[in-house]
1. Under a plain spin-label model, where a point goes 7 Å from the Cα along Cα-to-Cβ, how far apart in nm are Lys4 and Thr547?
2. Under the Karplus relation 6.51 cos²θ - 1.76 cosθ + 1.60, θ = phi - 60°, what is the ordered set of whole-Hz ³J(HN,Hα) values for region 600-608, x standing for Gly and Pro?
3. Could you tell me the calculated FRET efficiency between Asp330 and Asp163, based on Cβ-Cβ distance and R0 = 41 angstrom, to the nearest 0.05?
4. Please state the charge dipole magnitude for the chain, taken about the Cα centre, from unit charges on C-beta atoms (+1 on K and R, -1 on D and E), reported in debye and rounded to the nearest 20.
5. Calculate one ³J(HN,Hα) per residue across region 560-565 by plugging θ = phi - 60° into the Karplus curve 6.51 cos²θ - 1.76 cosθ + 1.60, and present them in order as whole Hz with x for glycine and proline.
6. Calculate the spin-label point distance for Cys611 paired with Trp430, positioning each point 7 Å from the Cα along the beta-carbon direction, and give it in nanometres.
7. For the chain, just the Cα set please: Rg and Dmax, both in angstrom.
8. Please report Val6, Val107, Val248 as a ranked list, fewest other C-beta atoms within 10 angstrom at the top and most at the bottom.
Amino acid sequence: MSIKKVAVIGAGTMGSGIAGQVANAGIEVWLLDLPGDDNPNALAERGLERLHDPNQPGLISKEAESFIHLGNTRDDFDQLADCDWVAEAVVERLDIKKDLYQRLDAVCHANAIITSNTSTIPIRLLVEDMPGPFRRRFAITHFFNPVRFMRLLELVRGENTDDAVIELLADFCEQQLGKGVVRCLDTPGFLGNRVGVFAIQCALQAAFELGLNPLEADAIFGRPMGIPKTGVFGLYDLIGIDLMSDVVQSLVNILPESDPFHAEAARIPLMAQMIANGQTGNKQGQGFYRDAESGREVLNLDSSEYHDAPRLNLPIADKAERQGVKHLLDDDNLYGQFAWRVLSRTLSYAASLIPEVGDDPVGIDDAMKLGYNWIKGPFELIDEIGADAFIAKLGADQLPIPEFLAEAAGSSFYRVENNKLQARRHGDIWQAIERPAGVIRFNEKRQTLQPRNSCTVASWFDLDGIALVEFHSKANALDADSMAILDDALIQVEAEGLRGLIVHNDAQHFSCGVNLQAVRNFFLQEDMDGLDRFLQDFQNTVHRMQTASFPVVAAPVGLSIGGGFEVVLHARQVICHANSVTGLVESLVGVVPGGGGCKETLYRWIELLQCGDDISDACWKAFMNLGYGKTATSPIIAKRQAMLRPHDRFVINRDRILGEAIKAIDDASGQVPFERPSLSMPGRPLFEEMVKWLEDSRDKGVFMPHDVNVGSEMARIVTGGDIEPGTVWKEQDFYDAERRSFLTLVATAATRERINSMLDAGAPVRN
């Protein structure tokens, strides 16, 4: 059996998200909800609208929407008769779910799989009134919000669920919906929420107990711990303080009284008052944080008043983010106490769940990485701290040491044996980590390799005869050392006859651009010659990628913007994730792309528009893309914006990108070499037309004065600037023009102000 038609019952946030991801996979899906009074499909239509959120679009393209059919459970229930999978995502009330299952059993065909998205009701209760055949094809598929972007799917079987049903769901959700499938036992909260909400509550309670304000708590319970920068208070605002409180209460209701979660779930009077006041977070415009005319404000937890929220620079946080979480525990000050309070309880709690929720740490670690975007899971964090050091510190504080943690004394939870990564199982048993065929996570593969060349910001590895370059700086920002590693890999592939080169990493983002601090260091020292040499080295390296005689594949995930996207632009083939975000955003900080980005944008628009001899239309397209700093939120949109070429492709499961990149190296027939012919430039007339458009837009209040300066340099590059029409430019002329414009802008006070603001305040100024 295969899944060719799907239905989702319940068009709320989760139901619409599930339907959207099914549509993203190119599979027909019906989205049903209760009938409305005036418009029967009103609730389903509202669900579809949720997928159009510009900040988190649930669909990868307009075409994907065509796979979604809207309806209601009164008029369209017969559509379920030939559905192969029906996913229930209705309100968490057992009686409503049971009534729905009776209707589904009467309509759906005998092999149709039925699942629930619940995380609070055990399967045995959901299906206790259903006949045996229904129970055998029933499971829980617990997605995480937002469904398109969160990688975790918790797959839970019931006592009677057929093995074939579980295998089909696992394969379908992993390969076609792009999920990291973690198989869970039917235990309260499963894995992700059981540990994730516990960690959040630990951080919340610790902040109130120790008197930390939201800025301080979020600065520690964030990137320094390998957790998203929203922190704890920011996450409460993002989810909704009222909704998050409901999640906590649901776990209180289903967890046994002996569970340590109850100690972290105590009611906080201030938060109850905030909910009563409507201060429930981002959806209401105010929670622990709010945006004001003067900028972001933070709530004083003592006075309940808002005040300015300056950007904190905590040395302990910076050190931990750069060197590892264990450095948070080296300090006995307030921040170190907070970190230990959170980590000691969270990591111990995770260890205490073995073997209740499973026999090994992999499922819990996967759940936290895929469902909560942690860089490392709890057991990986214990290994980083050191199991013995962690146990000793727990003992010194007279804290309990779970049995599974004690088993790791003198050892670890993960190790490499016979060139394979193994995980410790309950009972002091080691077992190799096995992933589905085609799934390769480089963060696991890396542990079995030694880099051929490495520095603090990048490394390259010999991956069975293929050079793999990995950026691993903060936000994977690029500097001279990053490019030196890439350049060395390119040289060695040629010298040693390796099969090709892949640029890839397993971080949240491929690269957020050139390291602005490095640029600031150049202008603080007034070293424009040094900056020019850096830009020239960058250009030379990406040009070597472009002209290599061997296959070169960029395999990006997450953000590939600015200089990071310039690296992607010069690969002979791109294999990216369906959620990849791409674009050249340099205009926001007052510079132009200086690593071949302007050049490539123009050439690609020429190819897409098939311009012929008159490239004026392509010049305008490139000018608009670059000037507005446009980004594409999916590869499909990127192709329309000339950011990817027709032979570039995407993969819906990011864990399969590296495997596909390796295949592309071995089958280089799909790669298209770069041929960048000389161009007859439109020159002065078009350049002056663009500058006039910029000035008119400034006079109308659309642009700020420095936007005109930056835009004029963009126009100068893509038209040739103040040259005669018909002047022929070679590819090198574009590289040179980019460097001249970059240096010209960096010399201005306005660009320096933008760069300083981005580095010091986290956002550029409009000037």
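1. Roughly 5.2 nm, to one decimal.
2. For region 600-608, the Karplus curve yields 5, 4, 5, 4, 6, 5, 4, 5, 5 Hz.
3. Working: r = 49 Å, r/R0 = 1.19.
Given R0 = 41 Å and the Cβ-Cβ separation, E is 0.25.
4. Rounded to the nearest 20 debye, it is 500 debye.
5. Residue by residue, region 560-565 yields 10, 10, x, x, x, 6 Hz.
6. In this crude label model, Trp430 to Cys611 measures out at 6.0 nm.
7. Here Rg and the maximum Cα pair distance are 27.3, 82 Å.
8. On the way: Val6 25, Val107 15, Val248 21.
If I rank by nearby Cβ atoms, fewest first, I get Val107, Val248, Val6.
FYI, it's all coordinate maths here, none of it is from the lab. Given the structure is predicted, the values throughout are model-derived calculations rather than measurements. Because the Cβ atoms are built from the backbone with ideal geometry, glycine has one as well, and the counts that use them run over all protein chains shown.
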